[in-house]
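Reviewing the structure listed below.
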Amino acid sequence: MNEPTDSSSNDQSTAAIFGAKPVISRLAIASVAAGAVGVLGACVGGGVIGFLAILCGTMALERVRKAPLQLQGRAFAWTGISLGSIAVILTLLLAWLQGSMQTRWSSQLDAGLRTTFAAVDAAGAKAAIDDWMAVSGSTLSEAQIFEFAQEVSKRYGAFQSFEELARDTNASWTGSNHLHVTAAFEFAKGRGLGSLDFRLVPSPSDLVPTVRLERLTIVDPTNGDLSLPRKELNTNEGEPATKGVAP
């Protein structure tokens, strides 16, 4: 930017004699603007713009210091530096929170799946209901979970682990976000593909949302898909038979 930087004493003396009014540093103004944008966009990486605000503000302070009779805007520069610092801190904090929540949701998914597939009795089904936050009015029931777990165990053996392959998020203005996860399930008798549909809902005892299962599906073109809650089985008649769980 074309601002006075290291002006000679003669230039400043001339400005003082003729009463030239110092102008506000454009770098200082840019610092404030970038800082404000950085704070507003902290959730989408505004920390990068915040860093630029800090840089512009620092450069503006240095130029004002070297040419005080021609440039002003120290307050603007400090405001931009402050806003930029806030943007950087917010961005780092939000990134940390997002990572922590993702880890927690993955842990909840793993725990919910394990208790669901291990629901060999009423107590196990009740534990699965609790893990999935299935409150009154939910389409899940202990009987459905028990029946599902028995059929899964009969076909594929004990559940071992799952791997998330893809995730689609459908955000809601009400804060109840729907997620669809494509996953691979590892069982004692092999590996199968399937999906989970769940919502992130407010927790009654925590600030971090928790997962609530809406549907769990294991794809099995040979014997018919398994779904929780139960739905009509898909037999895929007329298509080549392909096992949902590989031996």
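The values are calculated or read from the model by the stated rules, or taken from the named source; none is laboratory data. Everything numeric in this text was worked out from a predicted model, so none of it was measured. With ideal geometry, Cβ positions are generated from the backbone for all residues, glycine too; neighbour counts draw on all protein chains shown. We work out accessible area using only protein heavy atoms, side chains counted, and drop any ligands, DNA or RNA first. Shrake-Rupley method; radii C 1.70, N 1.55, O 1.52, S 1.80 Å.
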>> Show the residue pairs meeting these rules: Cβ distance below 8 Å; 6+ apart or different chains; first residue within region 19-43 and within 21 Å of LYS66 (Cβ to Cβ); second residue surrounded by fewer than 23 Cβ atoms within 10 Å (Cβ to Cβ) and of a type in the set (Lys, Arg).
In response: ALA28/ARG74
>> I'd like to check something: does region 82-92 contain any residue that is within 33 Å of the chain's Cα centre (by Cα), open to solvent by 40 Å² or more (accessible area, probe 1.4 Å), at pLDDT below 95 and within 30 Å of GLN144 (Cβ to Cβ)?
In response: no
> What is the one condition in (1) under 24 Å from SER203 (Cα atoms); (2) at pLDDT 85 or above that SER138 does not satisfy?
Replying inline: (2)
> How many of the residues in region 30-68 are in contact with a Gly (Cβ under 7 Å, 6 or more places away or on another chain) and farther than 28 Å from ALA95 by Cα?
Replying inline: 2
